[in-house]
Amino acid sequence: MKRIILVTTGGTIASKINPDTGLLSSGAMTGEELASMCKLPSEINLTVESIFQLPSNQMDAEELSHLKTRVEELLADPQVDGVVITHGTDTLEETAYYLDLTIANDKPIVVTGSQRGPFELGTDAMMNIRQSILAAACEDLNDFGTVVLFNERLFSARYVKKVHASNVAGFASEGYGYLGTVDQDIVSMHQKPLHREVYSQKYDLPVIDIIPFYLGADDRFIKTSISTGTSGIILEGSGRGHVSPKMVEAIEEACNLGLIVVLTTKTGEGEVRHVYDFPGSVYDLTNKGVLIGKDYDSKKARIKLAILLASGATKQEIRSAFLK
């Protein structure tokens, strides 16, 4: 019999209706309460551990570190076959990618949540939990790293995004598709990532800012980021990775000060590439010391840069890591 640990952290999936407001109180339920409502697979030995009871907008570096440490401890037990983590959807993709980059264990780690609370009509909470447990017990998921299950589909932590504010089909991997499915309790894997990256975190996660380009953008946010002690900046450019010429001088200043600046694109698909040579282009920015963020979105790039810096990586090592 497979042994799976269900680790709960709060979120909509663990919410209750507040009688005073009629709205959801996110993370109000313990893991034990939540599990008691589910029709759990009888052929799986399940242990529930409630770590946090938080809406996921309250997740921070401290909670991430604690969650990672606890999951590593659980997976180190030879009697444990996999871990399922329930999480609020607002920051679920960032937590999943953090775990994917920092936990080296080959056993399955499945992160899930829900778009509707357990007491709402048409809730997806119970099915997502059940299917995540079945996936975590499936040996086909060994050595996949951390994956996300939502609405019968399994996604790569690197590429999964929340793509809808409320629909139960709230997560997708634009341009890359899903890795597998869970259909009527049958887990089927269709593809597997070619590479896994795992880094050893030596220091606390540093502050990394995301600064977007938009029509008429200037250098105010970049200057503020520099002056308030950031360790790195993720630029969210348009198209192939372009920003306003008004931002360029401050970006160059950040690079000259030794900050790591990574350029991403806000488009849903495609890569940052050298195509144009105008001020604010990828060519212009890389000549000033900016690193190319390839096909990473800004949130995933921020997580990856924070982990790389916390691992003690050099700028050249970071440059190479973002080209993977």
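Take Gly239 and tell me if it is without any contact (Cβ under 8 Å) to a residue 40 or more places away in the chain and touching a strand residue (DSSP E or B) at 6+ places or on another chain (Cβ under 7 Å). Here the answer is yes, as Gly239 does meet what is asked. Quickly run through segment 252-281 and pick out the residues that are under 21 Å from Ile303 (Cβ atoms) and β-branched (Val, Ile, Thr). Within segment 252-281, Ile260, Val261, Val262, Thr264, Thr265, Thr267, Val272 meet the criteria. Of the residues Ser132, Ser114, which single one is farther than 26 Å from Arg302 by Cα, buried (at least 22 other Cβ atoms within 10 Å of the Cβ) and under 18 Å from the mean Cα position of the chain (by Cα)? From the options Ser132, Ser114, the qualifying one is Ser132. Being assigned to a helix (DSSP H, G or I) and more than 12 Å from the chain's Cα centre (by Cα) is the filter here; which residues of segment 284-315 pass it? Selection gives Asp284, Leu285, Thr286, Asn287, Leu305, Ala306, Ile307, Leu308, Leu309, Ala310, Lys315. For Asn105, the test of being surrounded by fewer than 16 Cβ atoms within 10 Å (Cβ to Cβ) and either in a helix (DSSP H, G or I) or in contact with a helix residue (DSSP H, G or I) (Cβ under 7 Å, 6 or more places away or on another chain) (or both) is failed.
Among all positions in segment 150-160, there is at least one residue which is under 27 Å from Tyr203 (Cβ atoms), in contact (Cβ under 8 Å) with a residue 40 or more places away in the chain and basic (Lys, Arg).
For Leu235, state whether it is assigned by TED's automatic domain parsing to the domain that holds Ser298 and part of a loop (DSSP other than H, G, I, E, B). Judged against the criteria, Leu235 is not a match. Residues in segment 24-46 that are of a type outside the set (Ser, Thr, Tyr), part of a loop (DSSP other than H, G, I, E, B) and surrounded by 19 or more Cβ atoms within 10 Å (Cβ to Cβ): Gly27, Met29. Val243 passes every criterion in (1) closer than 21 Å to Thr102 by Cβ; (2) more than 24 Å from the chain's Cα centre (by Cα); (3) not polar (S, T, N, Q) apart from (1). For segment 59-75, a residue qualifies if it is within 30 Å of Ser166 (Cα to Cα), surrounded by fewer than 19 Cβ atoms within 10 Å (Cβ to Cβ) and out of contact with any strand residue (DSSP E or B) (no Cβ under 8 Å at 6 or more places or on another chain), and the qualifying residues are Asp60, Ala61, Glu62, Ser65, Lys68. The requirement of being in contact with an Asp or Glu (Cβ under 7 Å, 6 or more places away or on another chain), of a type in the set (Ser, Thr, Tyr) and either surrounded by 14 or more Cβ atoms within 10 Å (Cβ to Cβ) or part of a helix (DSSP H, G or I) (or both) is fulfilled nowhere in segment 76-87; no residue meets it.
The values are calculated or read from the model by the stated rules, or taken from the named source; none is laboratory data. Nothing here was measured: the structure is a model prediction, and the numbers come from that model. Every residue, glycine among them, receives a Cβ derived from its backbone with ideal geometry; neighbour counts consider all protein chains shown.
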